[in-house]
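Here is the structure we will look at.
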Amino acid sequence: QVQLVESGGGLVQAGGSLRLSCAASGRIRNIDVQGWYRQAPGKQRELVATVTTRGSTKYADSVKGRFTISRDNAKTTVYLQMNSLKPEDTGVYYCLAEILVGPVEQVLRREFWGQGTQVTVSS
């Protein structure tokens, strides 16, 4: 099992910056993918950014060039550096950890989610 605790959300003016952190505990050795999703009121949860165990990253088109995802070598913490924030970035941001379980021939992926942290960007 993996437990995720998020922090760093808050209220910021447009053009400002925030850094979100997600601390992981439990079966961190099995973590393969970590990332961030966000959900605005009345909208579906959408992918923001992910990072794999090999260090490859993926970003939503709406945040490319503004957000940066990273994690420490022990995979205990994943970060989301958010710059040049816009009002449309407002929402609840959720941390994701995907782990690999089971034998090699029957490996399964399981998802774990943080509680979410509110990000509000004012205009």
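The values are calculated or read from the model by the stated rules, or taken from the named source; none is laboratory data. Being a predicted model, the structure only gives us computed values, none of them experimental. Neighbour counts are summed over all protein chains in view; Cβ atoms, including those assigned to glycine, are modelled from backbone coordinates with ideal geometry. To get the accessible areas, we keep the full protein, side chains included, count just its heavy atoms, and leave off ligands, DNA and RNA. Shrake-Rupley method; radii C 1.70, N 1.55, O 1.52, S 1.80 Å.
Before we move on, is Q106 of a type outside the set (K, R), in contact with a Cys (Cβ under 9 Å, 6 or more places away or on another chain) and over 14 Å from T53 (Cα atoms)?
No, not satisfied.
Which pairs do you get when a residue that is in contact (Cβ under 8 Å) with a residue 40 or more places away in the chain, found in segment 64-84, comes within reach of a residue that is of a type in the set (S, T, N, Q) and outside any strand (DSSP E or B), reach meaning Cβ atoms under 7 angstrom, with the pair 6+ apart or on two chains?
M82/S17; N83/S17
When the residues of segment 76-123 are filtered to those that are part of a strand (DSSP E or B) and hydroxyl-bearing (S, T, Y), which remaining residue is least open to solvent (accessible area, probe 1.4 Å)?
Y93
So, in segment 20-45, exactly how many residues are within 11 Å of the chain's Cα centre (by Cα) and closer than 23 Å to S123 by Cα?
Summing the residues that are within 11 Å of the chain's Cα centre (by Cα) and closer than 23 Å to S123 by Cα in segment 20-45 gives 3.
L47 fails exactly one of the following numbered conditions: (1) outside any loop (DSSP other than H, G, I, E, B); (2) open to solvent by 60 Å² or more (accessible area, probe 1.4 Å). What is the number of that condition?
Answer for L47: the failing condition is (2).
Could you list, in sequence order, all residues of segment 1-32 that are open to solvent by 50 Å² or more (accessible area, probe 1.4 Å), part of a strand (DSSP E or B) and out of contact with any Ser or Thr (no Cβ under 7 Å at 6 or more places or on another chain)?
Selection gives V5, R19, S25, G26.
Out of all the residues in segment 55-75, which are part of a strand (DSSP E or B) and either open to solvent by less than 20 Å² (accessible area, probe 1.4 Å) or among the small types (G, A, S) (or both)?
F67, I69, S70
Matching residues to (1) without any contact (Cβ under 8 Å) to a residue 12 or more places away in the chain; (2) of a type in the set (S, T, Y):
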{"site": "L4", "(1), (2)": "no, no"}
{"site": "S7", "(1), (2)": "no, yes"}
{"site": "A14", "(1), (2)": "no, no"}
{"site": "A40", "(1), (2)": "no, no"}
{"site": "G55", "(1), (2)": "yes, no"}
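From G42, G35, grab the single residue that is small (G, A, S) and open to solvent by 50 Å² or more (accessible area, probe 1.4 Å).
G42
So that you can scan it fast, the table gives a plain yes or no per residue for (1) within 18 Å of A97 (Cβ to Cβ); (2) of a type in the set (S, T, N, Q); (3) touching a Leu at 6+ places or on another chain (Cβ under 9 Å):
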{"residue": "V2", "(1), (2), (3)": "yes, no, no"}
{"residue": "G16", "(1), (2), (3)": "no, no, yes"}
{"residue": "L20", "(1), (2), (3)": "yes, no, yes"}
{"residue": "Y37", "(1), (2), (3)": "yes, no, yes"}
{"residue": "T57", "(1), (2), (3)": "yes, yes, no"}
